[in-house]
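S.K.: Okay, here's the structure, questions in a sec.
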4 protein chains.
Amino acid sequence: MLIVMHHRATPAQVQKVVDTIGEMGYRAKPMVGHLRLAIGLVGNDGGVDSARLAGLDGVQDIIKVSKPYKQVSREWRDEDTVVDLGNGTVLGGPEVVVMAGPCAVEGRDQILGIAARVRELGASVLRGGAFKPRTSPYSFQGLGLRGLELLAEAREATGLAVVTEAVAPEGVALVAQYADVIQIGARNMQNYPLLKKAGSAGKPVLLKRGMSATITELLLAAEYLLSEGNPDVILCERGVRSFDPQTRNVFDLTAIPLVKSLTHLPVIADPSHATGVRTKVTPMARAAVAAGADGLIVEVHPNPPDALSDGAQSLYPDQLSELVSQCGSIARAIGRSLAPPPELPAAGPASGRVVRDVR
Amino acid sequence: MLIVMHHRATPAQVQKVVDTIGEMGYRAKPMVGHLRLAIGLVGNDGGVDSARLAGLDGVQDIIKVSKPYKQVSREWRDEDTVVDLGNGTVLGGPEVVVMAGPCAVEGRDQILGIAARVRELGASVLRGGAFKPRTSPYSFQGLGLRGLELLAEAREATGLAVVTEAVAPEGVALVAQYADVIQIGARNMQNYPLLKKAGSAGKPVLLKRGMSATITELLLAAEYLLSEGNPDVILCERGVRSFDPQTRNVFDLTAIPLVKSLTHLPVIADPSHATGVRTKVTPMARAAVAAGADGLIVEVHPNPPDALSDGAQSLYPDQLSELVSQCGSIARAIGRSLAPPPELPAAGPASGRVVRDVR
Amino acid sequence: MLIVMHHRATPAQVQKVVDTIGEMGYRAKPMVGHLRLAIGLVGNDGGVDSARLAGLDGVQDIIKVSKPYKQVSREWRDEDTVVDLGNGTVLGGPEVVVMAGPCAVEGRDQILGIAARVRELGASVLRGGAFKPRTSPYSFQGLGLRGLELLAEAREATGLAVVTEAVAPEGVALVAQYADVIQIGARNMQNYPLLKKAGSAGKPVLLKRGMSATITELLLAAEYLLSEGNPDVILCERGVRSFDPQTRNVFDLTAIPLVKSLTHLPVIADPSHATGVRTKVTPMARAAVAAGADGLIVEVHPNPPDALSDGAQSLYPDQLSELVSQCGSIARAIGRSLAPPPELPAAGPASGRVVRDVR
Amino acid sequence: MLIVMHHRATPAQVQKVVDTIGEMGYRAKPMVGHLRLAIGLVGNDGGVDSARLAGLDGVQDIIKVSKPYKQVSREWRDEDTVVDLGNGTVLGGPEVVVMAGPCAVEGRDQILGIAARVRELGASVLRGGAFKPRTSPYSFQGLGLRGLELLAEAREATGLAVVTEAVAPEGVALVAQYADVIQIGARNMQNYPLLKKAGSAGKPVLLKRGMSATITELLLAAEYLLSEGNPDVILCERGVRSFDPQTRNVFDLTAIPLVKSLTHLPVIADPSHATGVRTKVTPMARAAVAAGADGLIVEVHPNPPDALSDGAQSLYPDQLSELVSQCGSIARAIGRSLAPPPELPAAGPASGRVVRDVR
């Protein structure tokens, strides 16, 4: 941390900063510049609360040098984290994982049908919302527990791992009971009680970047998960808010190589929410793989015009087929490949075991 | 709602849109333009899910005309909502209400001392966090229940109403028991389970605008509260995210007259979070009052350099004195005045009644 | 400047950075931190090109401490710059200056009529575009030279100073011949050939902040003007681009006290372009004065619905009257006052001297 | 265009809007909705100035349906524009064109050396600035005419086409004399006098998207060029301003398929300026090709740490080699290929013909 003094700061003001740094348990290292003096604070681990120093007279600026996150950083752990999704699929290794499914679970036929279809087309993971955070209180809010049961049934039938969202701390345990991966949505990226519960629920967590979250904030949100003891965190770029109403979001694909250079956690991309419109999903899925994404999460619906939510950005199944084919080619062009879909379970739903134990 | 067709849309595609609108229970009204055809959807109340139409072939664009919110709108209720804060202070009328206090409750002496001080200086409401949402898991997270108890004690001693934040649905009832106003923070503006609980907790709610929330999203979040039966909602502009790292946020003061033209709910401003730096709080508080804010919420600490959070943006008590004086002059210049602080309670803390009933 | 090394940087890489700093003529001052090493570069005046250092192996980050601008800074000159507008009005002192007039000069009757009217209502400066930068090539582009002549005639009739925009380097001399203040529009804030010409044209310059310009970029653009020898520069906040299509721009009023703390130049505000809609102009003009603006520039048209450009944000003359009255009250509330309009010239247009000499 | 009336608009106010539309030469088509009335304006071609209507009493909102641009649109011309760069390379067809070279021409050896090298590595076009728009007046501003001469010499030696920037209207003719493609930089995207000159200079124009330009504004800027008679316009996405200081810009790759759906003009991408840092250039170049870019423009320097500008984002020549190889694979994965570099001219610089005629 660097404390930049005002060009008219008095020696007494400088001394007060030096003394305060000492009181806080760190060392002060003044640097005399051309126009002003700056004081380095050394010996810190990124957790210094700068407000006390910022409040002192004569201080013009505080510049943070250390990163405020720890366990998510490459400094903490150098090798890539590889997350086991429980159905034989791993995320964070050389293979690129395709997650696909509807925005929301709408009924048994819908989810079982689309699950079978996306597995055939190359997906390894089934997505689908049972609890939906909706901007308007008058929109469809999901099937709740019944949705979770149907997702679990779809898993048993197809072998796909299931990712679905938890929206409140008290619902995390329930989601963890039925899902293989707990999703934290963009609107909840800084919902800290929810993060704490998700971090201790014993299942991998898929953390979506908030609508206007900086990379540092995304990594600090992930730090909440890791600090609860959960090493299996997957980050997801899904578009950030920008100034042009022509596009729903700006898909910040540069975040993929950037985040991967700062953290050991795997990073996937969501071209459906990032673009908001069906015709742009496949080109941007290709771009995400080319940029180095470890996976894709894509909305697919058996008949998008009938979807209860997100119909405009949901692919038709045939379009998923094209997306998988093109992204497979892109993956091979950069020396990777798509993760193959899981084997079809032998007995399928007859096994009777729908709810898995939390690991 | 207007469905704009592609310039090469076929008559069959147009007919399909017209038919679908009919199936959805609305009327279609085609308008033939110079370059393309648009189809008006009439008879709707703002709640139409456009995705089904957006998914049809030949549709280029969907333009929403009706507002998606209802009960918060001026169309629903024309006269201004005035919120009674329970201590004789009302918000939303001609008087401008000053809320002041520390970022967080840090201890008994701190909160009782600063409460007495801010009342003397002209505040009517005490702010102070017991549960703090913090970007880093390693930062001070608040005193929890003990903080609530101390806030209630400060209320009994000073007559100030108390506003404090709830961060999780299961904590709302507890906060409602101790506070006069339940605050929903910027990071939780779209935490829908939390909004639903707060909307049915029987106390006024102070809803802060999210970091990158549009005005429409802010009003839809308020709609969640009203749709739970709570008419006493106060909106708060606290700065939005922008591109210049030189300032923490951009204080969107135009939102004040704009929001007041769209909704009957009162709107206050938070110059502390909007600017992030002490020297800018007073000028921006003045600007907020000049723009028409119904109140201010300001961070004040007995000794900001020692604050456990937000020290850099907290005023010294003497600075609050100056702020109140200047904002009073501004209020009078536009025909308003500052709400006077409440009478000091006769028996004070000796009354023994610290927790109020939920209304 | 601080060069932050990667946590696995080798001693040889560190030495190479130290040596390079030496070759560049500065001193290197290494600081050993908890997790990584940083190297201070001292002896610089803000003009160091960091790219050479950023390109070295092992360098993770470059943090700039010195400001990159000089002559515009408070370090260079501490007391406020006061700009003499040539008609007895000065800008940058205790009085708040009102500039008003139509978006564009549309004809003789229009500009002479509105000039007389805005003077009566309290303005000291007449605004009006002769050369208009328009987003579409098919929009009205201004009257050109004829517009300049009419502005000069309006000045002779009213005593108002005239501010009008120059849009190309080769047009600056012409504008300087007719106007009292040369305006550089938001779209041209980084048009460097234009800035250089304007900086050497011998008239004060009004520099509008670019649509997404940071404060640092605004000050660097002003530095171009001062480095050409022109000390009479007025900065103008006019709204910046943001994410909410509901408002045309976000009016960044915090920039007013912030910019005034960094530079000695006066700062005015343009509530017309910042809000884009007539009903928001007056409240935001009040807010700008409350925040400390040294002046206002406001669009007024004799009959806004007939305006050839910017009709939606132009005030009716009666609305300017209300704005002046309210802003006068606000100014007095903070110990300032509005600059009075100039005396009406004795002989008016009969003087025959329409074009002034360039100072 | 849709004029949305206030919910309390009177019949007389509605009639006034209908009458005004008639006076403007269009037809009014009222649509009675659930909560309010909207009036369609039909018969327009996108060029309606809405301000006159927005200024009428009772009007709440104006919604634009027609696009404000014409000649650049797919409605105007359906098939893709293919631009001939004059050296046998065409841009806008199936082949992806690589443009490479230093930020600025720094001297004869530098530019001739790097030109030969980038041709060997697979580039077809040489980039290099002779006139540099720099944020600070104290930064290197380019070699000017001498730079143009050296670029022309490099073209004669290598067969590469040359793209270089024009920064002022009066300099366009000179640039057109020496260059094959005139670049308009991001800061000048809305410099209309410059666009008009470039549109009539007889050479293809490369138009970079402004730092916070919407897609509509980019296309309107291109419309300026086409309306001057120049059909050979290449658009370039180079990153837009966003809220995270961690990255210089956000690379808006979704703009590539989006812009290509709206216009017939070719679109290229600039991963150097979009990312600002060398290590991110190659992954984002891959992503741009995967998203459908028709070309890439990349900064390469013989020794980036010695570059006079943009050193941190300039590739080493060996890194260009890797970029070309990877982007070639990506192009093939989506059924395209990289344009091969031009043949080496037979006599090279000995031909004596350095300046080409303007076509």
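S.K.: I'd like the residue in the range B:293-309 that is within 8 Å of chain A (Cβ to nearest Cβ) and either under 17 Å from B:Gly147 (Cα atoms) or among the aromatic types (Phe, Trp, Tyr) (or both) and, out of all such residues, is surrounded by the most Cβ atoms within 10 Å (Cβ to Cβ).
M.R.: Ranking the qualifying residues of the range B:293-309, first place goes to B:Ala307.
S.K.: Now, a different point. What are the residues in the range A:238-286 that are over 23 Å from A:Val163 (Cα atoms) and among the hydrophobic types (A, V, I, L, M, F, W, C), if any?
M.R.: A:Phe243, A:Val250, A:Leu258, A:Leu262
S.K.: Could you tell me which residue of the range D:259-279 is nearest to C:Lys64 (Cα to Cα), considering only residues that are within 9 Å of chain A (Cβ to nearest Cβ) and buried (at least 24 other Cβ atoms within 10 Å of the Cβ)?
M.R.: Checked the range D:259-279; the qualifying residue nearest to C:Lys64 (Cα to Cα) is D:Thr275.
S.K.: On the basis of being surrounded by 20 or more Cβ atoms within 10 Å (Cβ to Cβ) and either in contact (Cβ under 8 Å) with a residue 12 or more places away in the chain or within 12 Å of another protein chain (Cβ to nearest Cβ) (or both), does B:Ala38 make the cut?
M.R.: Criteria met by B:Ala38.
S.K.: Turning to a different aspect of this structure: Output the residues belonging to the range B:310-329 that are within 11 Å of another protein chain (Cβ to nearest Cβ), open to solvent by less than 20 Å² (accessible area, probe 1.4 Å) and among the hydrophobic types (A, V, I, L, M, F, W, C).
M.R.: B:Leu315, B:Cys327
S.K.: So which residues in the range C:333-345 are at the interface with chain B (Cβ under 10 Å from one of its Cβ atoms) and within 18 Å of C:Ala269 (Cα to Cα)?
M.R.: C:Ile334
S.K.: Can you spot a residue in the range B:58-71 that is within 14 Å of chain A (Cβ to nearest Cβ), surrounded by 20 or more Cβ atoms within 10 Å (Cβ to Cβ) and of a type in the set (Val, Ile, Thr)?
M.R.: Within the range B:58-71, one or more residues are within 14 Å of chain A (Cβ to nearest Cβ), surrounded by 20 or more Cβ atoms within 10 Å (Cβ to Cβ) and of a type in the set (Val, Ile, Thr).
S.K.: So B:Gln246 passes all but one of these: (1) modelled with pLDDT under 95; (2) within 10 Å of another protein chain (Cβ to nearest Cβ); (3) under 23 Å from B:Phe140 (Cβ atoms). Which condition number does it fail?
M.R.: (3)
S.K.: Of the conditions (1) over 30 Å from D:His6 (Cα atoms); (2) surrounded by fewer than 24 Cβ atoms within 10 Å (Cβ to Cβ); (3) at pLDDT 95 or above, B:Glu95 clears all except one; give me its number.
M.R.: Answer for B:Glu95: the failing condition is (1).
S.K.: Name the single residue, out of those in the range A:206-233 being among the small types (Gly, Ala, Ser) and closer than 25 Å to B:Arg209 by Cα, that is nearest to the other protein chains (Cβ to nearest Cβ).
M.R.: So the residue we want is A:Ser212.
S.K.: Looking at (1) within 14 Å of chain A (Cβ to nearest Cβ); (2) without any contact (Cβ under 8 Å) to a residue 60 or more places away in the chain; (3) under 30 Å from D:Thr263 (Cα atoms), which one does B:Asp19 not meet, given that it meets all the others?
M.R.: Against the list (1) within 14 Å of chain A (Cβ to nearest Cβ); (2) without any contact (Cβ under 8 Å) to a residue 60 or more places away in the chain; (3) under 30 Å from D:Thr263 (Cα atoms), B:Asp19 comes up short only on (3).
S.K.: Given the criteria in contact (Cβ under 8 Å) with a residue 24 or more places away in the chain and either among the aromatic types (Phe, Trp, Tyr) or open to solvent by less than 30 Å² (accessible area, probe 1.4 Å) (or both), does D:Pro102 qualify?
M.R.: Criteria met by D:Pro102.
S.K.: Consider the range C:128-137. How many of its residues are touching a residue at least 12 places away in the same chain (Cβ under 8 Å), in a loop (DSSP other than H, G, I, E, B) and either on the phi > 0 side of the Ramachandran plot or not basic (Lys, Arg) (or both)?
M.R.: 4
S.K.: Right, another one. Answer yes if at least one residue in the range A:131-150 is closer than 23 Å to A:Asp232 by Cα and either in contact with a helix residue (DSSP H, G or I) (Cβ under 8 Å, 6 or more places away or on another chain) or modelled with pLDDT of 95 or more (or both), and no otherwise.
M.R.: Yes; the residues of the range A:131-150 include at least one that is closer than 23 Å to A:Asp232 by Cα and either in contact with a helix residue (DSSP H, G or I) (Cβ under 8 Å, 6 or more places away or on another chain) or modelled with pLDDT of 95 or more (or both).
S.K.: Quick one: is B:Gly328 more than 18 Å from C:Leu253 (Cβ to Cβ) and modelled with pLDDT of 95 or more?
M.R.: yes
S.K.: Looking only at the range A:88-127, which residues are assigned to a loop (DSSP other than H, G, I, E, B) and under 20 Å from the mean Cα position of the chain (by Cα)?
M.R.: A:Thr89, A:Gly92, A:Gly93, A:Pro94, A:Pro102, A:Cys103, A:Ala123, A:Ser124
S.K.: Let me ask another. From D:Arg52, D:Arg119, D:Arg134, D:Arg127, grab the single residue that is of a type in the set (Lys, Arg) and surrounded by fewer than 19 Cβ atoms within 10 Å (Cβ to Cβ).
M.R.: After ruling out the rest, the residue left standing is D:Arg134.
Listed here are the residues, each with its yes/no results for (1) open to solvent by less than 10 Å² (accessible area, probe 1.4 Å); (2) among the charged types (D, E, K, R); (3) in contact with a His (Cβ under 6 Å, 6 or more places away or on another chain); (4) within 14 Å of another protein chain (Cβ to nearest Cβ).
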| residue | (1), (2), (3), (4) |
| --- | --- |
| C:Glu153 | no, yes, no, no |
| C:Glu156 | no, yes, no, no |
| C:Gly159 | no, no, no, no |
| C:Glu170 | no, yes, no, yes |
| C:Ala179 | yes, no, no, no |
| C:Ile182 | yes, no, no, no |
| C:Leu195 | yes, no, no, yes |
| C:Ala198 | yes, no, no, yes |
| C:Gly202 | no, no, no, no |
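S.K.: So which helices (runs of 4 or more DSSP H) stay within the range C:166-283 end to end and still have 1 or more residues that are touching a residue at least 60 places away in the same chain (Cβ under 8 Å)?
M.R.: C:172-178, C:215-227, C:255-262, C:271-275
The values are calculated or read from the model by the stated rules, or taken from the named source; none is laboratory data. This one's a predicted model, so the numbers in the text were calculated from it and none came from an experiment. Positions of Cβ are generated from backbone atoms using ideal geometry, with glycine treated the same way; all protein chains shown enter the neighbour counts. These area figures cover heavy atoms from the full protein model, side chains too; ligands, DNA and RNA do not enter into them. Shrake-Rupley method; radii C 1.70, N 1.55, O 1.52, S 1.80 Å.
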